[in-house]
1. Scan segment 19-26 and tell me whether some residue there is modelled with pLDDT of 95 or more, in contact with a helix residue (DSSP H, G or I) (Cβ under 8 Å, 6 or more places away or on another chain) and closer than 30 Å to Lys111 by Cα.
2. For the list (1) under 21 Å from Glu13 (Cα atoms); (2) surrounded by fewer than 19 Cβ atoms within 10 Å (Cβ to Cβ); (3) in contact with a Gly (Cβ under 8 Å, 6 or more places away or on another chain), I need the number of the one condition that Val79 fails.
3. Only residues in segment 101-122 that are in contact (Cβ under 8 Å) with a residue 24 or more places away in the chain and loosely packed, with under 11 Cβ neighbours inside 10 Å count as the first member; pair them with residues that are aliphatic (A, V, I, L, M) and assigned to a loop (DSSP other than H, G, I, E, B), Cβ under 9 angstrom, at least 6 apart or cross-chain, and list the lot.
4. Test Val65 against the criterion of being more than 17 Å from Lys12 (Cα to Cα), crowded, with 17+ Cβ neighbours inside 10 Å and modelled with pLDDT of 95 or more, and give yes or no.
5. Inside segment 31-125, counting only helices (runs of 4 or more DSSP H) that do not spill past its ends, which hold 2 or more residues that are under 10 Å from the mean Cα position of the chain (by Cα) and hydroxyl-bearing (Ser, Thr, Tyr)?
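The values are calculated or read from the model by the stated rules, or taken from the named source; none is laboratory data. Remember, it's a predicted structure, so these values are computed and weren't measured experimentally. Backbone-built Cβ (ideal geometry, glycine too); neighbour counts: all protein chains shown.
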Amino acid sequence: MAEYYEGVGRRKESTARVRIVTGSGQFTVNNKPLDAFFTRMGDKQAVVSPFDAVGQSMDTYDVSVKVVGGGVTGQTDAVKLGVARALLKMDPDLRSMLRKAGLLTRDPRVKERKKPGLKRARKAPTYTKR
């Protein structure tokens, strides 16, 4: 079996395990082609942006991703971070390019918890004087 490089990306409630191996350019997400899994405009470009940032062609690598949890945006960003981390394991010299493109920083923003006495995290019930 060929050697692979693995990277884990997370965002909100999503977790993506990415494996990169030298191959023919196949990109599969949960056993589906990239175009079939990410149908929203701009998601496909976001997922492959780590390859663009380092100036490498995707045609020489096979990428397989298993992503679970969250919604479409969270999964997109989780896969993007996972791909960037896998590329970094493959070649540590790419760190400066990936860092400059902002692809190695995990987005820490998550949903804020609901507080007691409020309707949502910050929305209070309507104030009535009488």
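1. Yes, segment 19-26 contains a residue that is modelled with pLDDT of 95 or more, in contact with a helix residue (DSSP H, G or I) (Cβ under 8 Å, 6 or more places away or on another chain) and closer than 30 Å to Lys111 by Cα.
2. (2)
3. That search, which allows pairs on different chains as well, returns Lys111/Ala121.
4. Numbers: more than 17 Å from Lys12 (Cα to Cα): yes; crowded, with 17+ Cβ neighbours inside 10 Å: yes; modelled with pLDDT of 95 or more: yes.
For Val65, the condition - more than 17 Å from Lys12 (Cα to Cα), crowded, with 17+ Cβ neighbours inside 10 Å and modelled with pLDDT of 95 or more - is met.
5. Working: elements: 34-37, 43-54, 72-90, 95-100.
Helices (runs of 4 or more DSSP H) meeting the threshold: 72-90.
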